[in-house]
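The values are calculated or read from the model by the stated rules, or taken from the named source; none is laboratory data. Note that the structure is predicted; figures quoted are calculated from it, not measured. Glycine gets a Cβ as well: all are built from the backbone with ideal geometry, and neighbour counts include every protein chain shown.
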Amino acid sequence: MQQLTDVKYSTGEQHKDVTCSRVTRDSKDTQEVLLYLSQINPFTADASLRNIATGVTAPPSVNVHKSKTIGNRILASMEGESVASYIFREKNQDVTMETNSSIKIQDEHVHVDLFQRLVIIGTNNGEFQKVFDHELCQYPPALFDSVNSIRLTTKFSLADPLWCSAAAKHPGPSETVQYVLDGGALRRVPLTKGATYDQICEQYSAYVTKKYGKATVVFDGYNDTSSTKDCVHEEIT
């Protein structure tokens, strides 16, 4: 077709999967997986269920590998039943290793990693009291919604009692003060659709000048290292 139409076609290295850096990285990742599987080999004649990360063997009550059979049984029990009266019972659901080792805290099932706790005891000269003084869960539910999701801060919950406190009702200082603003405070400034960066900067400056006269605005940032904001950044992206 190229000879017939006298049109030449050529292409460059467009796919990321074929670049040298990507091939090198994939090869390195493959070697790490092979090394890991050589230490904890899941491909054995043992028919019991095991956690591939920890090597913990599941108890007989875990039946998640029979999910299809359990699902078909639930569908069969729904035949001829009224939609309004049918109840999905928890006892009919499959049981995973996590649900089998969890406790209920305020209507929420929290995973209990007793195996990890016992390992800690073994490495701390059997100090049972010290280890079991804390909750038997994999993560502190007061700080995390799940094992990979930290709870977001509700700054307004702290601001409300501060404004209502006795100190807030006293008159401000009579001497000249220096205002220091968090950059996040400028989010309350309504932005014009299609505004440029210069126009937004002018809006911010006008707002600060009108409300505070003269103030220092601090914009915080994050380095390449891990921080408590990583979870929020992942949700935004």
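General observations
- Options Ser61, Ser149, Ser85, Ser157; residue that is modelled with pLDDT of 70 or more, loosely packed, with under 11 Cβ neighbours inside 10 Å and within 28 Å of Ser227 (Cβ to Cβ): Ser157
- Tally of residues being more than 18 Å from Thr96 (Cα to Cα) and either of a type in the set (A, V, I, L, M, F, W, C) or in contact with a helix residue (DSSP H, G or I) (Cβ under 9 Å, 6 or more places away or on another chain) (or both) across the stretch 35-54: 5
- Residue in the stretch 68-86 that is touching a Leu at 6+ places or on another chain (Cβ under 9 Å) and part of a helix (DSSP H, G or I) present: no
- Complete set of residues in the stretch 180-198 that are in contact with an Asp or Glu (Cβ under 9 Å, 6 or more places away or on another chain) and in a helix (DSSP H, G or I): Gly183, Gly184
- As a summary of the residue check, Thr96 satisfies the conditions (1) loosely packed, with under 14 Cβ neighbours inside 10 Å; (2) hydroxyl-bearing (Ser, Thr, Tyr); (3) modelled with pLDDT of 70 or more except for the one numbered (1).
- Top-ranked residue in the stretch 129-145 [being surrounded by 14 or more Cβ atoms within 10 Å (Cβ to Cβ) and modelled with pLDDT under 70; ranked as farthest from the chain's Cα centre (by Cα)]: Val131
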